[in-house]
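Q: Structure incoming, see below.
None of the figures in this text is laboratory data; all of them are computed from the coordinates on show. These numbers come from a predicted model, not from an experiment. Here the Cβ positions follow ideal geometry from the backbone for every residue, glycine too, while neighbour counts run over all protein chains shown.
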Amino acid sequence: MRYFYNITFILLSLSLAAVAQDKDTVKIKPDFRPTGFRIGTDLIPIVRNSYDKTFSGWEVNGDVDFYRYYLTVDYGSWGRTYLSDTSSYSNNGTYFRVGVDVNFLKKDPDRNMFFFGARYGISNFSEDLSVVRSSPVWGPLNGDYHNSDVNAHWLELTTGLRVKIWKFIWMGYTARLKFGLKTGATPDMLPHDVPGYGRADEDSYWGFNYQIFVRFPVRKSGAIPLKK
Amino acid sequence: MKKLTWFVFFSIIAFSCLNEPDCYQLDNDEIIVAFNVMGFGSDVDTLVDVRISGTDSIFYPATVTSSLLLPLKPVVRELEYVFRWIDGSRDTLLLGYSSQIQFVSDECAQRYVFTGLNTLHSTFDSVRVFNGTPTYPASTNLVIYRCAKPDIGGVKFRTTLGTTASDSVLSVESVEPDFASALHVLQDEASFYLPLNKDADQTTFEFNMTDGEVKRLALSYTRVVKKSAIHDCDPVTFFTKIKIAETTFDTVSTNFINTAPTTSVTKSTSTQDPAIVNFEIFL
């Protein structure tokens, strides 16, 4: 089922990209000088903090344009707390992503974006697990486990939209397929949840951000030809 | 409106991918140990039980099996198993491994992940780690080999009433071979497994019956000594062309078991390892 979603998602994204292409083309020399930068935040963890007692976190995002290419950085923090019948788990840590988005709406006068991109993510986190469990063969298996200052890194493929809402305000979403997670050595306890990535026992993982940005222009951009 | 549709669509996709794990049998805490006799194949039905040092648990093999499912203990990094065989001997295996705990979810709690099975010490002739990472369902992880000792012949006593043959369980107090053997005579209802003398062409057994009577059974055979293909094993003595040389049992007839495999070393006129019933004696 997951593969179905993946394929559907990619095909629809590609279709949207194809529709977004203008039929009329005028070749202009690309200007790679940045015209501004955006700083924003992910609204999902802000809302989630209020209703999900197992989660606390935040994320800030930024990007700067180089013609149709955007250097993007994300920095965030999350922690989780779970309580089961036989154990309690908690973690917290910070993460950082850096990457590039490519805007496929090259001629939009409002600099709206439909983009594909890639990220490299790193995380540093700690986690604790307390277990009260008994086995018919081995007897009590109680224990306290701790992973401290664990590093992890992974890769992401991203796609999404950025839409100008009002003057300097942009909104949009980023959907991300995370994969290739590597974590540092943890001899006694395998990581459960890596901040910025998600469940460590998953080979790939979806992420979704619904973001709001403020754009700070640093120079006027060149005129964008609308029609031939 | 169009943008809203796209947002809703991608949101549904994103949230539909947040799957929950299946909580059933998350631990890979069982291994399968298979037993083999070098040159003969599976070591079937020779294991009595396995105990794990430091516990009261005893693990029994299935009725006829050449392998056994054994548990791994979480938290520790080594575990000693003690194997008890039908001839009364014991073997130990000190197994090393890596055990890590991992929280799964608030519904499933935690699981134990075992990897890196390795043999730290054993009294077996050879132990091979076939798969160092246990799986669920369990598959063969360790194969234990022992050097072949095909020096036991098997006889079964039977009687015939009319046209119906049935097993005859003798009331025997003890069975004494005519040589000093490290192996004991084993009785399994109507069957007796008799150690054969590697230094003579015949072995005589005295059956001390519970009524005080003594019956004699002398088996003759041809001995063939072959070098083992395995470096660590001593040369193997095969006993072939087994027959009854002399007996004081009221024997009507003898019958070699015809259902035995037909390869040259496993004919019922030859000993095998594990021992088989080579022939039936009809009283």
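Q: When each pair of different Cα atoms in the stretch A:61-185 is counted once in the 1/r mean, what is the Kirkwood radius in angstroms, to one decimal?
A: Details: mean 1/r = 0.0574 Å⁻¹.
Kirkwood hydrodynamic radius for the stretch A:61-185: 17.4 Å.
Q: Tell me, how many Å apart are the Cα centres for the stretch B:87-121 and for the stretch A:55-100?
A: After rounding, the separation between the Cα centres reads 35 Å.
Q: Right, something else. Give me B:Leu70, A:Leu177, B:Leu95, B:Leu161 sorted ascending by neighbouring Cβ count inside 10 Å, so fewest comes first.
A: Details: B:Leu70 22, A:Leu177 17, B:Leu95 25, B:Leu161 7.
In increasing order of surrounding Cβ atoms, one gets B:Leu161, A:Leu177, B:Leu70, B:Leu95.
Q: Are any of the pairs A:Lys53/B:Lys73; A:Lys53/A:Lys178; A:Lys29/A:Lys167; A:Lys107/A:Lys167; A:Lys178/A:Lys220; B:Lys156/B:Lys241 more than 29 Å apart by Cα-Cα distance, and if so, which?
A: A:Lys53/B:Lys73; A:Lys178/A:Lys220
Q: On a 0 to 90 degree scale, rounded to 10, what angle separates helix B:2-16 from the longest Cα axis of chain B?
A: 30
Q: Still on this structure, I have one more. Treat the count of other C-beta atoms within 10 Å as a stand-in for reagent exposure and order B:Arg216, B:Arg111 from fewest to most.
A: On the way: B:Arg216 13, B:Arg111 20.
Final ranking by Cβ density, sparse to dense: B:Arg216, B:Arg111.
Q: Follow-up question, since we're still on this one. Mind checking the stretch B:180-244 for chymotrypsin sites (Phe, Trp or Tyr not before Pro) that DSSP puts in a loop (not H, G, I, E or B) and that have at most 12 other Cβ atoms within 10 Å?
A: Qualifying residues, ordered by number: none.
Q: Å³ per residue of the Cα convex hull, for the stretch A:150-196?
A: Expressed per residue, the convex hull around the Cα atoms of the stretch A:150-196 is 90 Å³.
Q: If we restrict to alpha carbons, what Rg and Dmax does the stretch B:81-149 come to, in Å?
A: 15.7, 54
Q: Identify the trypsin sites (Lys or Arg not before Pro) of the stretch A:31-105 meeting these criteria: DSSP loop state and at most 11 other C-beta atoms within 10 Å of the C-beta.
A: Loop-located and lightly packed - A:Lys53.
Q: In square nanometres and to one decimal, what's the mean projected area of the convex hull around the Cα atoms of the stretch B:105-222?
A: Mean projected area of the Cα convex hull: 15.0 nm².
Q: Most exposed first by the Cβ proxy, i.e. fewest other Cβ within 10 Å, how do B:Cys147, B:Cys23 rank? Walk me through the numbers on the way to the answer.
A: On the way: B:Cys147 17, B:Cys23 12.
Neighbour counts put them in this order, fewest first: B:Cys23, B:Cys147.
Q: Would you kindly compute the Cα radius of gyration of the stretch A:119-228 and its largest Cα-Cα separation (Dmax), both in Å?
A: Radius of gyration, then largest Cα-Cα span, for the stretch A:119-228: 22.0, 80 Å.
Q: Moving on. Counting only residues 5 or more places away or on other chains, whose amide H sits under 5 Å from the amide H of B:Phe124 once H atoms are built in the peptide plane?
A: The list, which skips near neighbours in sequence, is B:Thr92.
Q: Which residues make up the longest stretch of chain B clear of GluC sites (Glu not before Pro) that lie in a DSSP loop with no more than 11 other Cβ atoms within 10 Å, not counting the sites? Intermediate values should be presented prior to the final figure.
A: Details: sites that count: B:Glu107, B:Glu189, B:Glu213.
The reported range is B:1-106.
Q: Also: Average the reciprocal distances over every distinct pair of alpha-carbons in the stretch A:41-128, invert the result, and give the Kirkwood radius in Å.
A: 15.1
Q: Through the Karplus equation 6.51 cos²θ - 1.76 cosθ + 1.60, θ set to phi - 60°, convert the phi angles of the stretch A:182-198 into ³J(HN,Hα) values in whole Hz; use x for Gly and Pro.
A: 10, 10, x, 5, 9, x, 9, 9, 6, x, 9, 9, 9, x, x, 10, x
Q: Please report, largest first and rounded to whole Å, the three semi-axes of the ellipsoid equivalent to chain B, where each semi-axis is the square root of five times an eigenvalue of the C-alpha gyration tensor.
A: 54, 21, 18
Q: What number, in nm² with one decimal, is the all-direction average of the projected area of the convex hull of the alpha-carbon atoms of the stretch B:55-175?
A: Directional mean of the projected Cα hull area for the stretch B:55-175 stands at 12.9 nm².
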